[in-house]
């Protein structure tokens, strides 16, 4: 008589999509579809998701791991290694301030102190009104005309004084209305 | 015939208002009913004149460009009134850029087309001598191409200065390796465009101003070593370069210079752009390869060399943007032509980048041998603040701080190495006498602590201990003992770290201590 093997205590894999918001699911699916065939697809997939959502919500870890046949530890470890990947939702404008030497030579340290004071936040945080996320950059490549600030991967600013920084923040706040 | 007006779309020019200027020119021309052709170029690299507008006018010697700058949006109506479309007189008129001493005294080999051509127009690239190097290379055997690069004396421009041709020969001689995933034997060409060093922007300017030159250089490398797949690993902090490269790669495919049949040669070369994610250490070649493979950017132990076991374990050429971009001209004009520039064992030209507290910052491509003092004063015009230049950091955040007594040093790999400094990627950052060198030393350690990949202990932990030590030195107390400990720590990091990040962080720290010791003795 055949003996029924005792099942090993292996829980059914959790459905990675369980509880994920529809927009996150759509972003992850699109990112996987567009990039799955590439060699070393993980970074392109993570970029595609963040480009669409602005950040990598927690449920992306299991979804991407499932989609690329990686462990969740692989995905989490990769996300946490790279400063570019955000694990918190950003404000509506992302203001990146250069803290590197060439900008230091032109007053970036003072600008940095000013930025933290007027926004009331540290690097990596978002202002209370949700308008501005302040991020640090170690070189924006505008070293001849520092201090440099990059807004939303789009607008690069040169020779940013505290007054000019205030104007950037004012624009960010007004853009919301 | 419509007048051609050139306005840069380089990131630095944009940061100084070039987009507003371009829009104002288009609007004013429309208002006056004048037909103009607005061409968006890279930057000529004279940043104090940006936004620099160049108008093409007829002259007895053919079409020439008359420059005006810096042109703000508010200046545009006045320029039209002054007849600038025909080279008219105006307070902002500069004349021909080629006649400006800053420009005329340069040797622009790699940057010959930057600021001149429309960066994303493949036909314009061809019209300015593009693809000639690749054509010549495709008519040669791979080993012959490698020999030309060896003979040119070109050394890696990313910072390590390893002879490019020797690297290529290693990859050429390595058998293409298959991996279990697909069983296809393959070699790779990878461009390190993770230009993270503060004070450097030549890679960015080239990619924004002449991206086809990089693509051509990579295609030549692919032919020389037998590679079929290439990647450009670009840092995420360069969105403008990203857009230019995306357009140029698509343009090169459309024109048949990438793909299954490169330039009609029957050879395949596919090229893909990959974006980094803000990790400085990914500029180290093995960390970069890990990142391309989709992992944390942790440094690999060498050997094996990437040339033998690189991306996905296959033979891989990894070169910097400027190294690749130097190759088309070498293949076009020959190794001897390139070799004739430079001095000693440093051959050819280096695009130097003047940054920080200088009046005339920008890009200066010079043959090796020019002195730091010439660059700082003759080109740079001294400090922007008008105060004395106290310290200069060459070669990025891992480069030594040099005092005034060393400004007569020649730009030459060996001359820099002899005093314990490095040329790196050619970035030069000037500080005036307001700088606090203890703070700069602290920043070097803090930067290393933030960017360490964590693989080796001297870098991961040493940098954090370094910050704490420097804070203690500032606070006073057992200063002599702490200084001795700092030097000991630096020795450990230098000799015990796996890569240049931990290994070179002591350079800015110890040079600051050696040359600016008074800043370490000051009371808080």
Inset, instruction - Would you mind telling me the antiparallel percentage of the DSSP bridges in the protein assembly as shown, rounded to 5? - result: 55 percent
Inset, instruction - Would you compute, for the Cα atoms of the stretch B:369-413, the largest minus smallest coordinate along each principal axis and list the three values in descending order, in whole Å? - result: 30, 22, 17
Legend entry - Mean shadow area of the stretch B:437-521 over all directions, Cα convex hull, nm²: 4.5 nm²
Legend entry - Using a Förster distance of 30 Å, the FRET efficiency for residue B:151-residue B:414 (Cβ separation, nearest 0.05): 0.95
Inset, instruction - Give the angle, between 0 and 90 degrees and rounded to the nearest 10, that separates the Cα long axis of helix A:108-119 from the longest principal axis of the Cα atoms of chain A. - result: 70 degrees
Inset, instruction - Using just the alpha carbons, could you tell me how many Å³ per residue the convex hull of the stretch B:122-338 encloses? - result: 115 Å³
Inset, instruction - Place the peptides B:187-195, B:437-445, B:220-228, B:82-90 in order of packing, highest mean first, counting for every residue the other Cβ atoms within 10 Å and averaging per peptide. - result: B:187-195, B:220-228, B:437-445, B:82-90
Inset, instruction - Report, as a whole number in µm² per second, the diffusion coefficient that Stokes-Einstein gives for chain A at 4 °C and 1.567 mPa s using the Kirkwood radius over alpha carbon pairs. - result: 70 µm²/s
Inset, instruction - Provide, for q = 0.09 Å⁻¹, the log10 of I(q)/I(0) from a solvent-free Debye sum over equal Cα point scatterers in the stretch B:1-148. - result: -0.33
Inset, instruction - With viscosity set to 0.692 mPa s and temperature to 37 °C, compute the Stokes-Einstein D of the stretch A:22-81, Rh being the Kirkwood radius across alpha carbon pairs; µm²/s, no decimals. - result: 297 µm²/s
Inset, instruction - Determine the calculated [θ] at 222 nm for the protein assembly as shown from helices alone, applying -39500 (n - 2.57) to every DSSP H run no shorter than 4 residues and normalising by the residue count; nearest 500 deg cm²/dmol. - result: -11500 deg cm²/dmol
Inset, instruction - Arrange the following residues from fewest to most other Cβ atoms within 10 Å of their Cβ: B:346, B:198. - result: B:346, B:198
Legend entry - Where labels lie 7 Å past Cα in the beta-carbon direction, separation of residue A:88 and residue B:405 in nm: 4.8 nm
Inset, instruction - Report the full-extension gain for the segment residue B:58 to residue B:254: residue separation times 0.36 nm, less the Cα-Cα distance, to one decimal in nm. - result: 67.3 nm
Legend entry - DSSP-defined antiparallel bridges as percent of all bridges, the stretch A:1-159, nearest 5: 55 percent
Inset, instruction - Calculate, axis by axis, the spread of Cα positions in the stretch B:74-138 along the three principal axes, and write the results as whole Å, longest axis first. - result: 51, 27, 18
Inset, instruction - Let me know the mean shielding of B:5-14 by other chains, meaning the per-residue number of their Cβ atoms within 10 Å of its Cβ. - result: 3
Inset, instruction - Normalising by the residue count of chain B, find the relative contact order in percent from Cα pairs under 8 Å and 6+ residues apart. - result: 13 percent
Inset, instruction - Rank-order B:425-431, B:238-244 by packing density, defined as the average count of other C-beta atoms within 10 Å over each peptide's residues, highest first. - result: B:425-431, B:238-244
Legend entry - Rg in Å to one decimal, and Dmax rounded to a whole Å, for the stretch A:107-177 via C-alpha atoms: 11.5, 35
Legend entry - Inter-chain Cβ neighbour average for residues B:347-357, partner chain, 10 Å: 3
Legend entry - Taking A:82, B:68 and counting other C-beta atoms within 10 Å, the order from fewest to most: A:82, B:68
Legend entry - Ellipsoid semi-axes in whole angstrom, largest first, where each is sqrt(5λ) of the Cα gyration tensor of the stretch B:210-269: 21, 13, 8
Inset, instruction - May I ask you to give the average projected area over all directions of the convex hull of the Cα atoms of the stretch B:273-375, in nm² rounded to one decimal? - result: 9.4 nm²
Legend entry - Average Cα contact separation per residue, the stretch B:122-338, under 8 Å, 6 or more apart, as relative contact order %: 32 percent
Inset, instruction - Please arrange B:374, B:284, B:451 by counting, for each residue, the other beta carbons lying within 10 Å of its beta carbon, fewest first. - result: B:374, B:451, B:284
Legend entry - residue B:522 versus residue B:2: modelled label distance in nm, points set 7 Å from Cα along the beta carbon direction: 5.7 nm
Inset, instruction - Tell me the label-point distance for the pair residue B:32, residue A:167, using the 7 Å Cα-to-Cβ offset, in nm and rounded to one decimal. - result: 2.6 nm
Inset, instruction - Can you figure out the FRET efficiency of residue B:337 with residue A:17, using R₀ = 60 Å and their beta-carbon distance, to the nearest 0.05? - result: 0.50
Legend entry - Solution diffusion estimate, µm²/s, Stokes-Einstein, the stretch B:346-432, Kirkwood Rh from C-alpha pairs, 4 °C, viscosity 1.567 mPa s: 104 µm²/s
Legend entry - Average beta-carbon neighbours from other chains, 10 Å sphere, peptide B:272-279: 6
Legend entry - Computed Rg/Rh of chain B, alpha carbon atoms with Kirkwood Rh: 0.99
Legend entry - Global geometry of the protein assembly as shown, whether rounded, prolate or oblate, following the gyration tensor of its Cα atoms and the 1.5 cut on a/c: rounded
Legend entry - Percent RCO, i.e. relative contact order, over chain A, from Cα pairs under 8 Å lying at least 6 residues apart: 17 percent
Inset, instruction - Whole Å is fine, so just give me how far the alpha carbon centre of the stretch B:333-399 lies from that of the stretch A:66-90. - result: 40 Å
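All of the numbers you see were taken from the coordinates with simple rules; none came from a lab. Since the structure is predicted, the reported quantities are computational estimates derived from the model, not experimental observations. Here Cβ is always computed from backbone atoms with ideal geometry, including for glycine, and neighbour counts include all displayed protein chains.
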